[in-house]
Amino acid sequence: MKKNIIFIFAALTLLFPSCNDFLDVESESKFNEEYVYSSKQEIDRVLNSVYAAILTGNLYGERLLNQFALNSDVEFSTFNSMLRNTEGNDFRCFDAEAHSTNVADLWTAGYTGVERANLLIDGIRNSSLYDEEDDELMQMLGEGITLRAMIMHDLVIHFGDIPFPKIPSFKSGELVVPVEDRNIILSSLIDDLIEIAPKMKYAAGLPDGVERASREFCYALIARIALTRGGYSLRSDKTNPFSFGTMQREQDYATYYAIARDYADSVITSGTHSLSLPFVEVFVNECNYLVVNNDDPIFELPFVRGQSGIIGFRHGPVASRNSISGLTPHIWGECSGSIRLNAFYRYSFAPGDIRRDVSVGIWRYNDATANNALLANGTPVPFGSGNSSSDNSVDDFTHYTNKWSKLWATQGNAMGNASQGNDGINFPYMRYADVLLMYAEAVNELENGVSGANGAKAKEALRQVRNRAFAPADRPLHVDQYIESASGTKETFFQAIFNERKWEFGGENLRWKDLVRWNLYSKVAYETFLNYYQMGDFKNGNTGFDNTEFYEKLPTILYYQPVANPANINVYQNTSLPILNFIGLVPDEDGRYAVPNNPGTGWSLAVHFNWGMQDQVFPRPECCYSLRGYIRGGEQANFQLFNPDALPVVRYILPIPRQEIMMSKGLYTNYYGY
C-alpha cells in the first residue's frame, strides 16, 4: 500500500488544489464517475487518496500528533511568557485564538479527508459493481467508512459541535454544511461502523495488514467513539459566547459504555491480537519499518519514508546537527525531540516497570559546533538545570518521549546524517493494550466494580497489560497483589485504570482526551501546575505547602558519565551510540532519591529541578506560564483564586477558524470565550 500512497502524494496537489473552505475541495467527480467506480483497481486508487489525506502534515502527519498534544501530567510543553503568541497558536497551554493558522490547517485537512472518504463511499454504493456479497468491495467500503469515522471523531474531540457532511459536497446542494450536535455525530458514526464491521476482513487477511483499516480496528474504533459519547465533554453556553462553558455528559451514557464493552470484547474474543512481544520491541519494530499484524498494533498510520511522518523526528531525544555542515556526527540524522513529557512523569512509575525507561528519555545527543565546543561530537548530555558553569547538562523542564526515534533504526535502516523529518515511521493509532483497558474500564463502570459477571475478564484484561510491564519476578507484587488490591471497589479499580493508561500510553497524545471524558482535566491540570510552581518555590526555599515531602524525595543532584553501548535494546534502543550511566537515580525503600557522594574522576555533575529564580520572588517562568490559559503564577498570577473543590473548566476545545465563521454567513458561531 505504501507504494500506492507515494503515487497519491505526488498527485495530491493536482487532484486537490489549496482551498479555504472544505466545500471547495476539487473532487474525483471531475473525472468520469462511471469509469472510476466501474473498476476495483480505480476504486482502490480513490481509497489510497483517503489514506494520503490522513497522512498529510496538517492532519495526522504532524498537527494531531504534535501541535495538539495538550499539556497534562503526561505530555507537556513549556511556555516562558505571560503573553499570548500573536499567531494564536498557544493551544498546548489552552491559550489559542480563532485566527490560529494551525487550527485552520487542521480544520481544512480534516474536512478534505472526510470529503475524499465521502466520495469513495458514495461512489462504491452507486457503482455498477456494488454487491454486498463481494468481500473485496465491502472491505474497501468499510475502510472508507472507518477512516471517515476516525477523522470525524478526532475533529469532534477537538472542536465539539461541528459540520457533519455525509455525502460528497457536489451532491449536497448546501453551500454551507450546518453545525451538528456532537452526540448526534458520534452516535451516527457508531451506527455506520456497527453496520459495516461484519463485512470487513481481519488484518491477517489483508495484504497490508495493520496498515489498513481492518475489522478489528473497526470494532476497536467503535469502542473508543462510544467511550467518548458516554463520557464528559465541554459544552458551550449558547446564551453567553464569552463563557468557557461547562463539563457535561448525557444521561444515556451507560448505553454507550455497554457498546464500548461489547465491541472491545469483540476484538478480544477474535484472538487476532496479543501482547506477546516485549514492550520495547513493539516500538523498535516500527522504527525499523517492520509491521507485525498479530501483536499490539491494531491500526498503524502508514507513513511513507521520505514522503511523510514525523514520529521518529519529533519523538525521541534531540540529536543535533553541525550548524556549519548541516550533518550529524552519526548516520541517523537530526532529531528535534520536540514532543516532551512532564518532568514528574518518570517518577510516577513503580520500581521495575519496564515501560518507564522505554517511554522516558533523560539525555540528548550533542554536536560540538552546534552546542558546546567543549564536548565531542555525538556526546550524550543529560537533563539538568544548566545554571552552573560546571554543569554541561541541558536546561530543561521536561523529558523526552523515547518510544520512537530515528536513532532506534538499525544501521541498515538509518536515514543518513543529513536527514531530518519525513522518516516514514508508522504510528500505532490503535493498540490492543488500549482495547484491553477500554474493556476493563467499561465493565467497571457498568457493573459498579469488578465483582460482577464480567469482572474476572476485566481484571484479566488489566493483568495482560501489567504482565508485559513487569519481569516475572516482579509480577506477584506488581501484578497479582496490585490487581487484587485495586479490585476492592469501583473507585479503586477506576484509579488503577486511570494510572495504567497514564503509564501505558506516554507520548501517544491520549492522556488529555482520557482526562476530558473522565471530567478530570481540571483536577490534573491544577495539580500539574502546583507540582511545577511549588517545586520552583521549594527551590527558592519555601516549604510552606502541604506537598513538601514529595519535592524533598525527588532527585536533585546526579552524577553521570558516558559509557559504551551494551548493544541491547532492553537497555537502550540505539545499539551503537554511547549512553549515560547515572548515580543518584535509584530510590531507597521509602522512594527517596538521596543526594549521592561525589564519585570523583570521570563523573560530571547534573542538577535536576533547579527551578527557583535568583531573586527568590517567583519560580522560573516555565513553572508559571506553561498552563497560563488555565492557571498562572508569577506576575498577574491567578492560582490563589482557585478552589480545589470547585475548579473552573479547562478550555481544551479549539475555535472554529475565523475564515470559516466569515464564509458561513452567520451559520457558524464561536463560543468558549473565542
**Item:** Residues located in segment 342-368, provided they are closer than 21 Å to CYS623 by Cα and among the β-branched types (Val, Ile, Thr)
**Value:** VAL360, ILE362
**Message:** Out of everything in segment 495-546 that is in a loop (DSSP other than H, G, I, E, B) and of a type in the set (Asp, Glu), what residue ends up being farthest from MET613 (Cα to Cα)?
**Reply:** GLU508
**Message:** Quick check on this structure: which one of ARG305, ARG261 is among the basic types (Lys, Arg), part of a loop (DSSP other than H, G, I, E, B) and open to solvent by 10 Å² or more (accessible area, probe 1.4 Å)?
**Reply:** ARG305
**Request:** Being among the hydroxyl-bearing types (Ser, Thr, Tyr) and in a strand (DSSP E or B) is the filter; apply it to segment 396-441 and report the residue that is surrounded by the fewest Cβ atoms within 10 Å (Cβ to Cβ).
**Result:** THR398
**Prompt:** So GLU660 clears everything in (1) charged (D, E, K, R); (2) closer than 24 Å to ILE162 by Cα; (3) open to solvent by 20 Å² or more (accessible area, probe 1.4 Å) except one condition, right? Which one?
**Reply:** (3)
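Filter segment 157-181 down to residues that are assigned to a helix (DSSP H, G or I) and open to solvent by 10 Å² or more (accessible area, probe 1.4 Å) and give me whichever is modelled with the highest pLDDT. Steps first, please.
Just the residues of segment 157-181 that are assigned to a helix (DSSP H, G or I), to begin with: 157-159, 169-172.
Filter again for open to solvent by 10 Å² or more (accessible area, probe 1.4 Å), leaving 157, 169-172.
Values: ILE157: 98, SER169: 93, PHE170: 90, LYS171: 91, SER172: 87.
Applying the filter and picking the extreme gives ILE157.
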**Asked** Only one of ASP90, ASP44 is open to solvent by 10 Å² or more (accessible area, probe 1.4 Å), within 18 Å of GLY673 (Cβ to Cβ) and charged (D, E, K, R); which?
**Response** ASP90
**Message:** Quick test for you: out of LEU290, LEU275, pick the one residue that is without any contact (Cβ under 8 Å) to a residue 12 or more places away in the chain, in a loop (DSSP other than H, G, I, E, B) and open to solvent by 20 Å² or more (accessible area, probe 1.4 Å).
**Reply:** LEU290
**Message:** Just the residues that are in contact (Cβ under 8 Å) with a residue 60 or more places away in the chain, in a helix (DSSP H, G or I) and hydrophobic (A, V, I, L, M, F, W, C), please, taken from segment 97-142.
**Reply:** VAL103, ALA104, LEU106, TRP107, VAL114, ALA117, LEU119, LEU120, ILE124, LEU137, MET138, MET140
**Request:** Would you tally the residues in segment 561-587 being farther than 17 Å from LEU407 by Cβ, assigned to a loop (DSSP other than H, G, I, E, B) and open to solvent by less than 70 Å² (accessible area, probe 1.4 Å)?
**Result:** 3
**Search result, residues across segment 540-555 that are open to solvent by 40 Å² or more (accessible area, probe 1.4 Å) and over 22 Å from ASP590 (Cα atoms)** = GLY541, ASN542, GLY544
**Prompt:** In the set THR239, THR269, THR228, which member is among the β-branched types (Val, Ile, Thr) and in a loop (DSSP other than H, G, I, E, B)?
**Reply:** THR239
**Asked** Residues of segment 95-113 being surrounded by 21 or more Cβ atoms within 10 Å (Cβ to Cβ) and within 13 Å of TYR652 (Cα to Cα), which ones?
**Response** ALA96, VAL103
**Message:** Can you tell me which of (1) in contact with an Asp or Glu (Cβ under 7 Å, 6 or more places away or on another chain); (2) small (Gly, Ala, Ser); (3) farther than 30 Å from GLY634 by Cβ is the one GLY110 doesn't meet?
**Reply:** (1)
**Message:** For the list (1) modelled with pLDDT of 95 or more; (2) surrounded by 21 or more Cβ atoms within 10 Å (Cβ to Cβ), I need the number of the one condition that LEU558 fails.
**Reply:** (1)
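Give the residues of segment 449-493 that are more than 28 Å from PRO278 (Cβ to Cβ) and in a helix (DSSP H, G or I), sorted by residue number.
Those that are more than 28 Å from PRO278 (Cβ to Cβ) and in a helix (DSSP H, G or I): GLY455, LYS490, GLU491, THR492.
Table: residues versus (1) open to solvent by 20 Å² or more (accessible area, probe 1.4 Å); (2) within 24 Å of ILE311 (Cβ to Cβ); (3) under 19 Å from the mean Cα position of the chain (by Cα).
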{"position": "GLY57", "(1), (2), (3)": "yes, yes, yes"}
{"position": "ALA69", "(1), (2), (3)": "no, yes, yes"}
{"position": "ASN85", "(1), (2), (3)": "yes, no, no"}
{"position": "ASP122", "(1), (2), (3)": "yes, no, no"}
{"position": "ASP134", "(1), (2), (3)": "yes, no, no"}
**Prompt:** Looking at segment 342-353, is at least one residue touching a Pro at 6+ places or on another chain (Cβ under 6 Å), open to solvent by less than 10 Å² (accessible area, probe 1.4 Å) and more than 21 Å from ASN570 (Cα to Cα)?
**Reply:** no
**Asked** Does SER576 count as on the phi < 0 side of the Ramachandran plot, in contact (Cβ under 8 Å) with a residue 40 or more places away in the chain and among the small types (Gly, Ala, Ser)?
**Response** yes
**Complete:** Scanning segment 322-335 residue by residue, those of a type in the set (Gly, Ala, Ser) and open to solvent by 30 Å² or more (accessible area, probe 1.4 Å) turn out to be SER323, SER325
**Message:** Taking the condition of being under 18 Å from HIS273 (Cβ atoms) and either open to solvent by less than 10 Å² (accessible area, probe 1.4 Å) or touching a Cys at 6+ places or on another chain (Cβ under 8 Å) (or both), how many residues in segment 194-228 meet it?
**Reply:** 14
**Asked** Which one of these is touching a residue at least 40 places away in the same chain (Cβ under 8 Å), in contact with an Asp or Glu (Cβ under 6 Å, 6 or more places away or on another chain) and of a type in the set (Gly, Ala, Ser): GLY629, GLY602, GLY633?
**Response** GLY629
**Item:** Filter result (of a type outside the set (Val, Ile, Thr) and open to solvent by 70 Å² or more (accessible area, probe 1.4 Å)) within segment 230-248
**Value:** LYS238, PHE242, PHE244, GLN248
**Complete:** Looking across segment 466-499 at residues that are open to solvent by less than 50 Å² (accessible area, probe 1.4 Å) and of a type in the set (Val, Ile, Thr), the single one that is nearest to TYR521 (Cα to Cα) is ILE497
**Request:** Take ILE151 and decide whether it is at pLDDT 95 or above, under 23 Å from the mean Cα position of the chain (by Cα) and open to solvent by 10 Å² or more (accessible area, probe 1.4 Å).
**Result:** no
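The values are calculated or read from the model by the stated rules, or taken from the named source; none is laboratory data. These figures come from a predicted structure and were not determined experimentally. So basically every Cβ, Gly included, is an ideal-geometry build from the backbone, and we count neighbours across all protein chains shown. Just the protein is used for accessible areas: all its heavy atoms, side chains included, with ligands, DNA and RNA removed. Shrake-Rupley method; radii C 1.70, N 1.55, O 1.52, S 1.80 Å.
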